[in-house]
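Notes follow once the structure below has been shown.
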Amino acid sequence: MRNWFSRGALAALGALISAGAATAACTAPEPPPATARPVKPPLPAKPACLDAKGGCPGWEAYSYNDAIKAYNAEAGAFRPLAEAYVKALNAYVKASGDYAQCEVKALQ
């Protein structure tokens with residue numbers, strides 16, 4: 001039986017296929033590190049006297065008010081960190097979609 005391709009044609013075809021495989025390599029994205037995830041500050045404990053009929057004594061009400069002010073300051077510092085982390089997560093989601101499309105194209 002006779003070969004359809006000469007040796008030179010087969011070598012050229014092999015080089016073309018391997019070159020296509022090299023250009024079709026897809027880079028898998030990396031998620032943002034879990035250590036970069038900011039921790040939301042905990043709400044201060046609400047004193048039981050706050051819901052009582054007589055209310056809280058002055059010192060306890062002032063202490064709780066100070067704790068709420070401190071929480072608001074911590075929450076204000078937390079917000080930009082959380083937004084940056086969400087931005088990194090969204091970039092990872094986009095890169096994952098791009099990677100999946102690259103793999104699909106590599107199979108075609």
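A Cβ distance below 6 Å, combined with a sequence gap of six or more or placement on separate chains, defines the contacts here; from the range 27-39, residues that are under 10 Å from Tyr85 (Cα atoms) and in a loop (DSSP other than H, G, I, E, B) reach residues that are of a type outside the set (Ser, Thr, Tyr) and at pLDDT 95 or above in the pairs Pro32/Ala88; Pro38/Phe78; Pro38/Leu81; Pro38/Ala82.
Being farther than 30 Å from Asn90 by Cβ and free of Cβ contacts under 8 Å to residues at least 12 places away in the same chain is the filter here, so list the residues in the range 64-79 that pass it. Matches in the range 64-79: Asn65, Asp66, Lys69.
If you check Ala52 against the conditions, is it at pLDDT 80 or above and in a loop (DSSP other than H, G, I, E, B)?
Spelling it out, it is not the case that Ala52 is at pLDDT 80 or above and in a loop (DSSP other than H, G, I, E, B).
Residues in the range 40-49 that are surrounded by fewer than 13 Cβ atoms within 10 Å (Cβ to Cβ) and modelled with pLDDT under 90 were compared, and the one that is farthest from Asn90 (Cα to Cα) is Ala48. When the range 7-39 is filtered for residues that are surrounded by fewer than 12 Cβ atoms within 10 Å (Cβ to Cβ), more than 23 Å from Ala100 (Cβ to Cβ) and at pLDDT 55 or above, the ones remaining, listed by number, are Thr35, Val39. The set of residues in the range 55-89 being loosely packed, with under 14 Cβ neighbours inside 10 Å and part of a loop (DSSP other than H, G, I, E, B) consists of Gly55, Pro57.
The values are calculated or read from the model by the stated rules, or taken from the named source; none is laboratory data. Being a predicted model, the structure only gives us computed values, none of them experimental. So basically every Cβ, Gly included, is an ideal-geometry build from the backbone, and we count neighbours across all protein chains shown.
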